[in-house]
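Each value in this text was obtained by applying a stated rule to the coordinates, not by laboratory testing. These figures come from a predicted structure and were not determined experimentally. Every residue, glycine as well, gets a Cβ built from its backbone with ideal geometry; the counts of neighbours run over all protein chains shown.
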Amino acid sequence: MAKIGVAIIGAGGIALANHLPGLALCPDTKIVAVCDTDPGTLERAKSAAGVSIGSTDWHQIVGREDVNAVIICTPNHLHGPIALAAIAFGKHVLCEKPISMNGAEAQQMWSSADAANLRHMTAFTYRFVPALRYCAHLVQQGAVGTPYHFRVQRFQDWGTRNLGWRQQRQFAATGEIGDMLSHRIDYGHLLIGPLKSLVAQTKLLVPNRDGHPADVEDWVAMLAEFQQGASGVFESSKLATGCGEGKDSPDRCEVNGSEGMVVYQLASPHEILRGTKGAHGGLKVEKVPREFLTWPHSTRDPYQGDPLVTFRYDQNVEFIHAILEGRPCTPSFAEGANVQAVVDAILLSQSQRRWVDVGYPKV
């Protein structure tokens, strides 16, 4: 193919803020179509992407001959149907997280894409933060020794404003679990490995947001045991008053081990905190080495623009290069399905108020 034809389905904020700038770093691509159910959003997206082809019906987009790859940025309940339809038409798929409404659907998406020999990617965007990449490298190289403890916190203050489809179970399946904790579960998988069992609690603290009912949780916490033996502590909230939201709110992850400790904080994407056995003076700031500041093949300058934003563009670079090179994406639907297995376990634990084992899919 001369260029990879890309269609964006769901053309709101995430598509315009993350995916358009990311695709601009990929000279081997061409955005050929956009789709959104809202006509106003659709017209703005067509203008921003510089395309003339658009539709409010995704069925008219996924089967187009000039579309080689699809990026899905819709409400969660449409992720599975659109992805499976695109796969049936032979299209590569990048899907926002959570990739599905439940584990069974996620496994079907993963197995279908693999069976069709297509590239598939889950938009676990924070995997591209330089500081998290460097922490993962250090842990994998044995810098912390045997991991003992994993801790992660994501605190935001969304107040009581209306969150639209995100606050309705029929469209989102979960609230804070799928929206924010899903990323942090993926941190655990990346840094330590699969979970063995967990116990979780969720709360719906604001059942009415600006006159609109909400029926999904806005706070979640869990204790977990990794198969490797380490303990895990996870907490995420939309009601951490005063913390702000988005890129400016606290996002912290740490691994404590027999030989040391590493800490990732989104607020400092180009540096980590690190402690070593026997050292004095507590944790030290360590700059992320240059080779971790951008993803392989990314041409962006890591010192230009807001580093809390620009790392996100590298996920599109990874998606496109995986297509060009005929290799699996990182992270793929496998990682999305594994996180969904943990989400399902969280829901079961909350409903039965007990520890449960995590059953990961096999494809």
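By the count of other C-beta atoms within 10 Å, a proxy for reagent exposure, Cys73, Cys253 are ordered fewest to most as Cys73, Cys253. Each stretch of four or more DSSP H residues adds -39500 (n - 2.57); spread over every residue of the chain, this sum gives -8000 deg cm²/dmol at 222 nm. Shown for the chain are the DSSP H helices of 27 Å or more along their axis, judged by Cα atoms, with a mean Kyte-Doolittle hydropathy of at least 0.5: 333-352. The stretch 308-327 and the stretch 193-245 have Cα centres separated by 29 Å. Around the amide H of Leu195, modelled in the peptide plane, lie the amide H atoms of Gln227, all under 5 Å away and 5 or more residues distant in sequence or on another chain. Neighbour counts of C-beta atoms inside 10 Å place Leu42, Leu195, Leu266 in the sequence Leu42, Leu266, Leu195, starting with the fewest. Volume of the convex hull of the stretch 4-125 (Cα atoms only), normalised per residue: 91 Å³. In the Gaussian network model of the chain, springs joining C-alpha atoms below 10 Å, which of Glu325, Glu259, Glu271 carries the largest mean-square fluctuation? With Cα springs under 10 Å in the chain, the top fluctuation among Glu325, Glu259, Glu271 is at Glu325. Footprinting exposure proxy ranking of Val199, Val129, fewest other C-beta atoms within 10 angstrom first, gives Val199, Val129.
The antiparallel fraction among DSSP beta bridges confined to the chain stands at about 60%. With a threshold of 27 Å on the Cα-Cα distance, the over-threshold entries among Lys91/Lys238; Lys247/Lys284; Lys97/Lys287; Lys97/Lys247; Lys91/Lys203; Lys46/Lys91 are Lys91/Lys238; Lys97/Lys287; Lys91/Lys203.
Taking GluC sites (Glu not before Pro) across the stretch 38-125, the ones in a DSSP loop with at most 15 further Cβ atoms lying within 10 angstrom of their Cβ are Glu65.
For the stretch 24-32, the Karplus equation 6.51 cos²θ - 1.76 cosθ + 1.60, evaluated at θ = phi - 60°, returns couplings of 5, 7, 10, x, 8, 10, 9, 6, 10 Hz by residue, with Gly and Pro reported as x.
Would you grab the residues whose amide H sits under 5 Å from the one on Gly5? Only those 5+ places off in sequence or on another chain, please, with H modelled 1.01 Å from N. It is Lys30, Asn68, Ala69, by chain and number. Within the listed set Ala17, Ala172, Ala69, the Gaussian network model of the chain (springs between alpha-carbon atoms below 10 Å) gives the highest mean-square fluctuation for Ala17. Couplings 3J(HN,Hα) for the stretch 152-163, derived from phi with the Karplus relation 6.51 cos²θ - 1.76 cosθ + 1.60 (θ = phi - 60°), are 8, 9, 9, 10, 10, 10, 9, x, 10, 6, 5, 9 Hz, where x marks Gly and Pro. From the P(r) of the chain, could you give the percentage of C-alpha pairs in the tail past 28 Å? Above the 28 Å cut-off, the chain has 44 percent of its Cα pairs.
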